1. Checking residue 86 against (1) without any contact (Cβ under 8 Å) to a residue 12 or more places away in the chain; (2) under 26 Å from residue 122 (Cα atoms), only one condition comes out false. Which one?
2. Taking the stated definitions as given, is residue 16 at pLDDT 90 or above and either assigned to a helix (DSSP H, G or I) or of a type in the set (A, V, I, L, M) (or both)?
3. Whether any residue in region 89-104 is β-branched (Val, Ile, Thr), under 22 Å from residue 58 (Cβ atoms) and touching a helix residue (DSSP H, G or I) at 6+ places or on another chain (Cβ under 9 Å) is what I want to check.
4. Only one of these is hydroxyl-bearing (Ser, Thr, Tyr), over 30 Å from residue 178 (Cα atoms) and within 14 Å of the chain's Cα centre (by Cα): 94, 141. Name it.
5. Does residue 33 satisfy being within 27 Å of residue 169 (Cβ to Cβ), surrounded by 15 or more Cβ atoms within 10 Å (Cβ to Cβ) and of a type in the set (D, E, K, R)?
6. For region 135-148, which residues satisfy the criterion of being among the β-branched types (Val, Ile, Thr) and surrounded by fewer than 19 Cβ atoms within 10 Å (Cβ to Cβ)?
Amino acid sequence: MINDVQSALKKLKSLKGIFLFIIITLIIHYSFRYWANPLHFYPFAEQVQQLRQLLADIAFQHTTAVLHFLGFTFTEQNNTLTYADGSWLAINKSCSGFKQLLQALLLFVLYPGKLKHKLWFIPMALLLMHIANIIRLTGVSITLFYYGHLWEFSHDYVFRFVFYLILFLLWVWWEEQFNNKGKKNRVED
């Protein structure tokens with residue numbers, strides 16, 4: 001009986017990190033929605049809007065570069081790409097990846113771990129989240145080109161999942177390498 005209790009406690013302890021990841025992620029998600037919608041990013045509304053526009057501009061440049069590399073032909077104007085058939089994709093502030101970058105930043109700032117590891121891991125995580133956004137925008141654009149009727153589904157469900165998959169995989173890496181005490185393969189201090 002004691003072994004069963006110890007085994008159950010060990011299993012619960014191993015789930016602690018997952019619960020903490022889920023709780024932090026949900027708190028950030030709903031706090032962001034509240035800050036964005038009723039509060040309109042108060043008290044930093046102007047700065048956040050400028051940053052979101054800058055990120056949207058960068059995402060547009062990187063996405064169109066990838067699409068050109070893949071051989072797609074389209075016209076570009078005001079962060080909108082238009083295909084010959086008239087279908088178009090506008091990359092605006094809500095496509096900037098700002099929320100996901102902020103979510104990754106806050107997750108790893110709040111999650112337990114040593115500062116010396118966070119100083120390189122967080123910038124790397126932000127870069128990977130930006131790359132995930134470019135993959136998402138490229139995928140949505142390709143879907144629009146070939147399967148326009150699936151655009152909304154791919155935008156709202158399929159490619160949004162990319163962000164959360166990357167964020168989760170980054171967290172697993174962090175948990176296994178920097179926060180999971182007792183692992184033999186853990187990065188030493």
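The values are calculated or read from the model by the stated rules, or taken from the named source; none is laboratory data. Just so you know, these numbers come straight off a predicted model, no measurement behind them. Every residue, glycine as well, gets a Cβ built from its backbone with ideal geometry; the counts of neighbours run over all protein chains shown.
1. With (1) without any contact (Cβ under 8 Å) to a residue 12 or more places away in the chain; (2) under 26 Å from residue 122 (Cα atoms) applied to residue 86, the lone miss is (2).
2. no
3. Yes, region 89-104 has at least one match.
4. Result of the check over 94, 141: 94.
5. When the stated conditions are applied, residue 33 does not pass them.
6. Hits for region 135-148 are 135, 142.
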